[in-house]
Structures are given as C-alpha cells and as structure tokens.
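The values are calculated or read from the model by the stated rules, or taken from the named source; none is laboratory data. What you see is a predicted model; the values in this text were computed from it and never measured. Cβ atoms come from the backbone with ideal geometry, glycine included; neighbour counts cover every protein chain shown. Each accessible area value is taken on the protein alone, full model and side chains, heavy atoms only, with ligands, DNA and RNA left out. Shrake-Rupley method; radii C 1.70, N 1.55, O 1.52, S 1.80 Å.
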Amino acid sequence: MCANYRPVTTEDRMLTFFGVEREPHEIPVDAWPGYLAPFNRLAEPGSGNKRIAEIGQFGLLPAFGAEMARGKRLHNARSETVARLASFRDSWREGRRCIIPAEWIYEPNWASGKPVRWRIEQAGNIPFGIAGIYKWDRDRKDDVEKWFFSMLTINADDHPVFSRFHAPGDEKRSVVILKPQDYEGWLTCSVQDAPRYFVPWEGPLEATPDPVEPRVPKAKKPPEPPRLEDPGLF
C-alpha cells in the first residue's frame, strides 16, 4: 500500500489534468503520512458539481483514543472494509470521495532481500488520479480543524506491476487509480455504485528504483579545548 508519493502541486498541471484551479501553497515535494498535500473534491451542493482543490493531511484520524497507537496507518483505506471500519465508514457512507493527484507513487521492492524504494508512474509525464475519501476533523495534537484524506486500496496479487512489491508473504495491494474519464463519475455517483471503480489499473506503468537518500547525520559539536590553568609567575 502507498505510504509515500509525489503530489501534483503546480497550478498548471492541476488544471490541465484534473480541471481544477488552485492557489499556490508551500507543501513538501514528497508526501508521507501526516504531511499536507492537495486533494480534489466536489464543492458544496449548488455549485454545479464543480471540483475544487483542498489542502489536507495525508491520513485520516483514528476514530477512538484506543486507535491512536495506529496513528499514521490510516493513510490507506482497504476497499473491502472502508464501509464498516470506524475510522473510515462515516466518510464513505456520506459520499465524501475525492481524487488525490499524484505524479507517481513509491512502493518497496524486496527482490534483493531488503526493501528498496521504487517509483511507479505512467509514461509521458501523465499523473495519476487516485481514489480517496476525506473528512473535516479536529486534530487533537494541534487542536485545530482541518481536512484529512486517505487513499483507497485493492488486492493486487495478480497485477503485473504491483504484485512485485511489498514484503514476501504479505498480501499485495495497490491504490485505486482512476481513469480520467471516470473522475466525474467517482465523485458524483451514489455510495452503492462507488465500488464499481475498485478495479485494477490496466494501463502501462513504468517502475524504476528510486531509493530514499540516506539522512546526513548532524555534525557533532567539537569538544572545547581544555582550559589551561594560570601557572602564575613561578
């Protein structure tokens, strides 16, 4: 499942590929759970199904205090359980579906015996529109209200690309990648019809190694030279 991706952030690419205008924002280049990134949703009723861009935190908040230990794991919502798990079901049942614009996504490849980050993208510099859910909630940590969103995922055991990722023995999963012609339908359809978009991506994909750059350790402050005692005159 996707815990790291490159969001679409420029106004021109958001407008060209998603038909959405947005204001410029300072957001990270790569997004991780807990980071802020853009997502697209329908405006309020009466707007004529206009799509708007919001800035939200990647990963819904847990529904109960007991789930706080899971914290950032709520960045992905399984399609099989999104309608019944407490942290996701309200967003799902109320039809709060969104599109998450991504230049590409990252997944771990274990072919070498260790996880190596790979980048998965479409050819031709075309971004993904990933199916998601969202909500407006109060961040208990900062005590502020803001948007939160999560990506929907499906089984990918038989997918020619996504089946190559994640740890040996783990179920293979992929995000739900929408066809551009399905963007409007995904946002406007009924809750009962929404699962018809939970299908594997059939288009061509490019996957290449893109390891995370090692963190440079902070330089240690050199020790101060020993202080010489005043020997006096003799």
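Per-structure values
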read-out	value
Sites Val191 and Asp30 - FRET efficiency at Förster radius 22 Å, r taken between beta-carbons, to 0.05	0.10
Efficiency of FRET from Cβ geometry, Glu202 and Arg93, R₀ 22 Å, rounded to 0.05	0.15
Order of exposure, largest accessible area first, which applies to His166, His25 with probe 1.4 Å	His25, His166
Extension gain from Val116 to Glu171, taking 0.36 nm per residue of separation minus the Cα-Cα distance	18.0 nm
Residue-by-residue Karplus 3J(HN,Hα) for the stretch 85-93, coefficients 6.51, -1.76, 1.60, Hz, glycine and proline x	6, 4, 6, 10, 5, 5, 4, 5, 5
Of the trypsin sites (Lys or Arg not before Pro) in the stretch 77-158, those whose Cβ has at most 12 other Cβ within 10 Å and which sit in DSSP loop	Arg84, Arg140, Lys141
GNM result for the chain, Cα springs below 10 Å: residue of Glu145, Glu206, Glu80 fluctuating most strongly	Glu145
Fluctuation leader among Ile100, Ile27, Ile55 - the chain, Gaussian network, Cα springs under 10 angstrom	Ile27
Quotient of Cα Rg and 2.2 N^0.38 Å for the stretch 89-183, N being how many residues it contains	1.28
Most mobile of Gly56, Gly113, Gly95 in a GNM of the chain (Cα contacts under 10 Å)	Gly113
Potential extension, Thr16-Arg164 segment - 0.36 nm per residue separation minus Cα distance	50.1 nm
Hz values of 3J(HN,Hα) by residue in the stretch 53-63 - Karplus curve (6.51, -1.76, 1.60), Gly and Pro given as x	9, 10, 10, x, 8, 6, x, 5, 7, x, 6
Total formal charge among the other residues, if their Cβ is under 11 angstrom from that of Arg173, Lys/Arg +1 and Asp/Glu -1	-3
Gain in span if fully extended, Glu184 to Arg140, counting 0.36 nm per residue against the direct Cα distance	12.5 nm
Cα gyration tensor shape of the stretch 1-67, rounded if a/c is under 1.5, else prolate or oblate by comparing a/b with b/c	oblate
Calculated P(r) tail over 27 Å for the chain, as whole % of Cα pairs	38
